[in-house]
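Here is the structure we will look at.
The values are calculated or read from the model by the stated rules, or taken from the named source; none is laboratory data. The model shown is predicted, which means the values in this text are computed figures rather than measured ones. Every residue, glycine as well, gets a Cβ built from its backbone with ideal geometry; the counts of neighbours run over all protein chains shown.
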Amino acid sequence: MNEIDFQMLLITLGACGKSGGRADDALVGKYVAVSGTAMGVTLSGDDMAGFKLELMSGGKAKLNVEGTTAEGRWKNDDNTLTLTIENTDMVGKLGKDTITFESILKELVGTSMDVKLAKEGTDAAKPENFLPEEEKALLGDWVGASVVDVMDADASGEIAPDSLKATLKADHTSTITYKGEEIATPKWSYVTGTIIFDGKVAGNASLYSEQKDGVFKITYSGDKYYTFTMKSSKGD
């Protein structure tokens with residue numbers, strides 16, 4: 001065998017020894033859970049903050065769930081990634097900077113959960129790209145278009161409908177202004193048509209909100225009680 005034949009043999013053997021999957025280096029990094037489903041409930045945002053995965057070079061992995069870390073191994077075949085923790089294999093589907101597992105943790109802790117993870121620092125990890133459609137529809141600046149009082153009667157003669165304004169952001173923070181003054185910067189969450197504002201409101205007032213049939217309403221209850229029907233400042 002001449003030198004050229006020997007070199008070709010080495011190249012061939014090297015190619016046969018590779019897994020055929022996408023380059024492991026492209027998958028190495030830290031991943032955060034961006035959405036999931038558990039017991040029929042859709043989860044996102046802070047609900048998923050305690051679920052993290054780190055893929056390291058050499059096939060090592062660390063899975064962190066609510067502060068508890070387990071070490072394991074990982075491998076990929078271009079379409080899927082297999083994560084092995086405590087001799088249990090969990091197979092996830094690979095996407096663009098994402099890994100989606102179905103029924104993950106079932107064998108480890110007895111609780112089934114679907115979870116989608118996105119690689120930190122990529123567009124896939126940006127909140128606006130993974131929020132449920134119902135929440136995406138709430139993002140942006142809103143201004144009151146009409147207002148009624150506690151008796152559901154038109155109150156535009158008492159207060160201008162645009163006295164209430166709201167900005168909802170993808171990281172679930174918000175800003176609420178009333179009569180030109182900022183009255184609250186609460187965290188917001190969406191639960192089956194109800195938007196919950198969690199935070200202090202100036203003047204010991206309270207805020208309640210709902211979205212039904214595409215109509216977004218915010219109720220202000222303080223010195224007065226008003227329900228504002230909101231419209232997007234984008235004119236949608």
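Structural remarks
For every residue, the table says whether it meets (1) without any contact (Cβ under 8 Å) to a residue 24 or more places away in the chain; (2) closer than 28 Å to residue 171 by Cα; (3) surrounded by 17 or more Cβ atoms within 10 Å (Cβ to Cβ).
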site: 40; (1), (2), (3): yes, yes, no
site: 44; (1), (2), (3): no, yes, yes
site: 50; (1), (2), (3): yes, yes, no
site: 58; (1), (2), (3): yes, no, no
site: 72; (1), (2), (3): yes, no, yes
site: 84; (1), (2), (3): yes, no, no
site: 90; (1), (2), (3): yes, no, yes
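- Selection within region 97-154: residues that are out of contact with any Phe, Trp or Tyr (no Cβ under 8 Å at 6 or more places or on another chain) and among the aromatic types (Phe, Trp, Tyr). The member of this set that is modelled with the highest pLDDT is 101.
- Taking region 139-162 as the range and being in contact with a strand residue (DSSP E or B) (Cβ under 7 Å, 6 or more places away or on another chain), within 12 Å of residue 227 (Cα to Cα) and either touching a residue at least 60 places away in the same chain (Cβ under 8 Å) or in a loop (DSSP other than H, G, I, E, B) (or both) as the test, the residues that pass are 144, 145, 146, 147, 148, 149, 150, 155, 156, 159, 161.
- Among the candidates 183, 196, residue that is among the β-branched types (Val, Ile, Thr) and either closer than 30 Å to residue 98 by Cβ or loosely packed, with under 14 Cβ neighbours inside 10 Å (or both): 196
- Any hit, region 184-201, residues being over 25 Å from residue 47 (Cβ atoms) and either at pLDDT below 95 or outside the structural domain of residue 46 (by TED's automatic domain parsing) (or both): no
- Tally, over region 163-184, of residues that are within 14 Å of the chain's Cα centre (by Cα) and either free of Cβ contacts under 8 Å to residues at least 12 places away in the same chain or part of a strand (DSSP E or B) (or both): 1
- When region 185-196 is filtered for residues that are under 14 Å from residue 133 (Cα atoms) and either hydroxyl-bearing (Ser, Thr, Tyr) or in a loop (DSSP other than H, G, I, E, B) (or both), the ones remaining, listed by number, are 189, 190, 192, 193.
- Any hit, region 192-208, residues being within 26 Å of residue 35 (Cβ to Cβ) and in contact with a helix residue (DSSP H, G or I) (Cβ under 7 Å, 6 or more places away or on another chain): no
- Considering residues of region 201-232 that are over 24 Å from the mean Cα position of the chain (by Cα) and outside any strand (DSSP E or B) only, the residue nearest to residue 154 (Cα to Cα): 224
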